[in-house]
1. Would you mind telling me which numbered condition in (1) at pLDDT below 90; (2) touching a helix residue (DSSP H, G or I) at 6+ places or on another chain (Cβ under 7 Å); (3) of a type in the set (S, T, N, Q); (4) open to solvent by 80 Å² or more (accessible area, probe 1.4 Å) Gln84 fails?
2. Quick one: in the range 13-43, which of the residues that are of a type in the set (D, E, K, R) and over 18 Å from Glu54 (Cβ atoms) is modelled with the lowest pLDDT?
3. If Met65 satisfies all but one of (1) over 25 Å from Pro10 (Cβ atoms); (2) surrounded by 14 or more Cβ atoms within 10 Å (Cβ to Cβ); (3) touching a residue at least 12 places away in the same chain (Cβ under 8 Å), what's the number of the condition it fails?
Amino acid sequence: MAKVDPYLRPLYDALYDMSVRGRAAPDRHGTIEVAPLAFMRGRTLNDSFIILDEAQNTTPEQMKMFLTRIGFNSKAVVTGDVTQVDLNGKHSGLATIEKILWNVEASASST
């Protein structure tokens with residue numbers, strides 16, 4: 001975690017600013033956990049509300065891995081802007097899943 005903490009600092013700062021005196025500060029056993037996508041393999045997130053931010057920079061394989069982490073009684077929100085893809089010629093997982101879920105009633109897309 002020491003290697004990725006500097007990259008997560010903006011998210012920690014935003015969580016702290018939105019909480020009362022830092023009560024929502026992430027910890028391993030608390031109600032809020034911040035985890036890089038790379039650390040999600042092998043996990044199943046039951047009874048959770050999961051947010052994947054900046055999803056335009058996921059590959060289709062990473063997006064599939066994320067979506068298969070959603071467990072029982074969980075909901076997921078995926079955010080991103082497909083006009084801001086930084087994948088050097090690779091396809092965006094967000095654009096891929098948007099095409100797949102276009103007509104699914106439980107999903108929503110706004111442009």
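The values are calculated or read from the model by the stated rules, or taken from the named source; none is laboratory data. The model shown is predicted, which means the values in this text are computed figures rather than measured ones. Here Cβ is always computed from backbone atoms with ideal geometry, including for glycine, and neighbour counts include all displayed protein chains. Only protein heavy atoms, including side chains, enter the accessible area calculation; ligands, DNA and RNA are left aside. Shrake-Rupley method; radii C 1.70, N 1.55, O 1.52, S 1.80 Å.
1. In the conditions (1) at pLDDT below 90; (2) touching a helix residue (DSSP H, G or I) at 6+ places or on another chain (Cβ under 7 Å); (3) of a type in the set (S, T, N, Q); (4) open to solvent by 80 Å² or more (accessible area, probe 1.4 Å), Gln84 misses (1) alone.
2. Only one residue tops the list, namely Arg28.
3. The one condition Met65 does not meet is (1).
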